[in-house]
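Colleague: Take this structure first; my questions come after.
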Amino acid sequence: MEITDGMREKHKQLLNYYRKNAQRMQYHAFKEKGLLIGSGAIEPAHKDVLQERLKLSGQRWPMKGLQQMAQLRVVHKSKKWNRIVKLCQNAT
């Protein structure tokens, strides 16, 4: 197989990506700390936390409303809703 200029450029881009992101790819250290490193846990959470509420029939969300609803859903699903209740009570 002949190595083309395009292949060299892709190789260079890949190496640059790894150099730039090396600190974020310390998977062994993350696993030792008990952190999840794959997308397996995130994808079902995304469906449960966000899509279940935000993709109901006929709904349209402006970016600001979408962000606010996403934050409320995260708090609700993390079972820390009492924090929101306290914030609302303190605001009145």
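The values are calculated or read from the model by the stated rules, or taken from the named source; none is laboratory data. Quick caveat: nothing in here was measured; it's all calculated off a predicted structure. When we count neighbours, we look across all protein chains shown, and the Cβ atoms used for this are built from the backbone with ideal geometry, even at glycine. For accessibility, only protein heavy atoms count, side chains too; no ligands or nucleic acids. Shrake-Rupley method; radii C 1.70, N 1.55, O 1.52, S 1.80 Å.
Colleague: Between Leu14, Trp81, Ser57, whose Cα lies farthest towards the positive end of the dipole of the chain when Lys and Arg beta carbons carry +1 and Asp and Glu beta carbons carry -1, centred on the Cα centre?
Modeller: Of Leu14, Trp81, Ser57, it is Trp81.
Colleague: Compute the accessible area per residue over the chain, keeping the other protein chains in place, probe 1.4 Å, unit Å².
Modeller: 92 Å²
Colleague: Excluding residues fewer than 8 places away in the same chain, name every one of the lysines whose C-alpha is closer than 20 Å to that of Lys12.
Modeller: Filter leaves Lys20.
Colleague: Follow-up question, since we're still on this one. Name the lysines eligible as straight-distance cross-link partners of Lys86: C-alpha to C-alpha under 26 Å, and not fewer than 8 places from it in the same chain.
Modeller: Answer for Lys86, where 26 Å is the Cα cut-off: Lys64, Lys77, listed by chain and number.
Colleague: Just read off the accessible area of Glu9 with the full protein assembly in place, 1.4 Å probe, to the nearest 10 Å².
Modeller: Its heavy atoms expose roughly 90 Å² to the probe.
Colleague: Then there is this: Rank Leu50, Leu15, Leu72 by mean-square fluctuation in a GNM of the chain with C-alpha springs under 10 angstrom and give only the top-ranked residue.
Modeller: Among Leu50, Leu15, Leu72, the largest GNM mean-square fluctuation belongs to Leu15.
Colleague: In addition: Place a +1 charge on the Cβ of each Lys and Arg in the chain and a -1 charge on the Cβ of each Asp and Glu, then give the dipole magnitude about the Cα centre in debye, rounded to the nearest 20.
Modeller: Dipole size: approximately 520 debye.
Colleague: Which percent of the accessible area of the range 1-40 is formed by carbon and sulfur heavy atoms (probe 1.4 angstrom)?
Modeller: 56 percent
Colleague: Next up: Rounding to the nearest 10 and keeping the result within 0 to 90°, find how far the Cα-based axis of helix 81-91 lies from the longest principal axis of the chain.
Modeller: 60 degrees
Colleague: While we're on this one: Calculated from DSSP H runs of 4 or more alone, at -39500 (n - 2.57) each and per residue, what is the 222 nm mean residue ellipticity of the chain, nearest 500?
Modeller: So the helix-based figure for the chain works out to -17500 deg cm²/dmol.
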